[in-house]
Amino acid sequence: MSATKKLFVKTYGCQMNVYDSQRMQDVLAPLGYQSVDEAEGADMVILNTCHIREKAAEKVFSDLGRIRKHKKAKEENGTDKMIVAVAGCVAQAEGAELMRREPIVDMVFGPQTYHRLPEMVARANRAIGNDRIIDTDFPVEEKFDHLPAQVSQQGYSAFIAIQEGCDKFCTFCVVPYTRGAEYSRPGMDIVNETRQIVAQGTREVTLLGQNVNAYHGAGPDGDEWTLGRLLRELSEIDGLERIRYITSHPRDVDDDLIFAHRDLPKVMPFLHLPVQSGSDRVLQAMNRKHDRQTYFDIVKRLREAQPDLALSSDFIVGFPGESEKDFEDTLDLVRQVGFIQTFSFKYSPRPGTPASAMELQVPEEVKAERLARLQDLLAEQQLAFNQNCVGREMDVLLDRTGKFEGQLVGRSPYMQPVHVNGLTEADLGRIVRLKITAAKPFSLAGELVEEGGSERNVA
Ligand code: SAH
Ligand code: SF4
Ligand code: F3S
C-alpha cells in the first residue's frame, strides 16, 4: 500500500456528477488517495466538469488557471508532482482541445471510464515529460460492472445511479453526446446495493439517471423491469422509508410509474418532470417529442393517482425562434400546472447541437427579460406552496444539524428544508412528524407533534 496522497475533487453540474465524483474517490482510495478540501498542495486534482451551458464549461477554464499556480508551486517546492485531471462532460466533449489549450492538464477522461482510473493514475505517476493520458471511450456496461459494488459514505439520504445516457436528442442538449446511449443497470444489482446501504443506516434513496424513467433494466428471470417495477421491488426493503427518482422525461411516464405513485407510500409525492417550454412550436423545435396537451394529460393522470403530488420542472427561455407568444404559452402552462420548485435557464447554444445552428437566435436581453418574468412567477408559486404548508403536519427526515444549538434540519416529502428546535444529534436519521409553523421562500420551520409522531411516511 502506498503512502497517503492528497486528492482534491471539484464537482460541477448535475447530481450524476456528484455521484460519479464519489465513485472516483472510492476507486482511488485503495491507492492511498484521501480527499482534501483544497487544490493547494494536492497530489491529484480532478475537475469533474459539466458541459450543459456555456457558463458551466467556462468555469473549468478559469479554475484551471488557478490550479496552474498550485501545480507550479508544488513543483518548485521539489515535492511530488501534482496530477491535474479533467473528467466529466467537458472532458468527453472537448477532451483533445482541452489538452491542447491547457498544458497543465495531465489526464482527460470521460464519464464512462472511471473504473479505469487506478490504471490511468498509475500511468500518469510513471509518466515522464509530456506523456499525457486521454480516455473518452464509451464502454458503459463495463463501468458499472467494474466499479466497487457499493458507494462509501452514504448518509441517511443516498443516491444510486440506475441508468445513464440519453437517446432523446433534444436539439439544445449535449447530454446524448457526453453520456452516450441509454443504459440501465440490472434490477437486482440496484436492489442489492440498496439493501446494503439501508443496512448501514440509509433511509431514503434517490435513483439517478439522465432519463431515469426510461429505465428498462434486466430482471432476474430474463424479463425486463420498468422503473415502476423497480420502485415496487425497492418498496419491499425493510428500513427503507423513502424513494425518489430524478430526472424524468414526460414521454416515458407510463402506467406502471403512475400506479407506483398511487400504490407505494414510500414513493415520495414529488416529481421533477421537466417540460422546458409551454409552446407547441418550441417543443417541436426542441424535439421534445410531446406537446403541451400531452403534458397536461400526464400531470392530470398522476394527480388522479396521487392527489398529494407536487411537481417541479426545468425551463429554457429564448430557444431559437421563441416569440413573445411562445413565451406567454410557457407562462400559461406554469399557471395551469403549478410548480413548487424549478430550474430555469436562458438558452445557451452548445457546439455540435442542432439548435445552435438554427436561425432566429433570440437576443441576450430578450432572454434575460423573459427569464426574469418567468422566475418571478415561479418564485410566487414556490412561496405560495410553502405558505400553504403552514399548519399542516409533515413527515421530515432529519439529516443534518442546524446553525443553532439544538436545531436540526430535515427534508419534507417535497424536499423543502425544515428547521426544528429542541432535538439532539441522536435524532439524526429519524423521520419525525412535524407541524409546520412558518414558511420562507426556500425553507420551512416546524414543531414536533408529540403524539402519533411515529415513523410513518405520508405527506
Ligand atoms: N435529462 C433531463 C435534463 C438534463 S439537463 C431532461 O430531459 O429534462 C438539465 C437541464 O438543463 C435541462 O432540463 C434544460 O432545462 C437545461 N439545459 C440543457 N441544455 C441547455 C442549453 N443548451 N441551454 C440552456 N439550458 C439547457
Ligand atoms: Fe438532454 Fe433531452 Fe436527453 Fe434530457 S432528454 S438529457 S434534455 S437530450
Ligand atoms: Fe452537465 Fe454532464 Fe450532468 S453536461 S448536467 S454534468 S450530464
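The values are calculated or read from the model by the stated rules, or taken from the named source; none is laboratory data. The model shown is predicted, which means the values in this text are computed figures rather than measured ones. For neighbour counting, all protein chains shown are included, and Cβ atoms are generated from backbone atoms with ideal geometry for every residue, glycine included. Side chains included, ligands, DNA and RNA excluded: accessible areas come from the protein's heavy atoms. Shrake-Rupley method; radii C 1.70, N 1.55, O 1.52, S 1.80 Å.
So here's what we get for this one:
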| quantity | calculated |
| --- | --- |
| Added length on full extension, which subtracts the Cα-Cα distance from 0.36 nm per residue, GLN407 to ARG123 | 97.4 nm |
| Length added when fully stretched, LEU448-GLN34, from 0.36 nm per residue minus Cα-Cα | 145.1 nm |
| 1.4 Å probe accessible area per residue over the chain, in Å² | 44 |
| Amide proton proximity set for THR206, modelled H, under 5 Å, gap of 5+ | ALA158, PHE159, ILE160, ARG244 |
| Rounded FRET efficiency, nearest 0.05, which uses the C-beta distance separating LYS435 from ASP254 and R0 of 35 Å | 0.45 |
| Where labels lie 7 Å past Cα in the beta-carbon direction, separation of SER235 and ASP280 in nm | 3.6 |
| Cα coordinate range in segment 15-54, projected on the principal axes (Å, largest first) | 34, 22, 12 |
| Extension reserve of the ASP131-GLU304 stretch, reckoned as 0.36 nm per residue once the Cα distance is removed | 56.3 nm |
| Separation of alpha-carbon centers, segment 356-418 and segment 218-243, rounded to whole Å | 30 |
| Spacing of the two label points (7 Å from each Cα toward its C-beta) at GLU365 and LEU383, in nm | 2.8 |
| No Cys partner within the rule (Cβ under 4.7 Å), the chain | CYS14, CYS50, CYS89, CYS166, CYS389 |
| Antiparallel content of DSSP bridges confined to the chain, in %, to 5 | 35 |
| Heavy-atom accessible surface of the chain: percent carbon and sulfur, 1.4 Å | 49 |
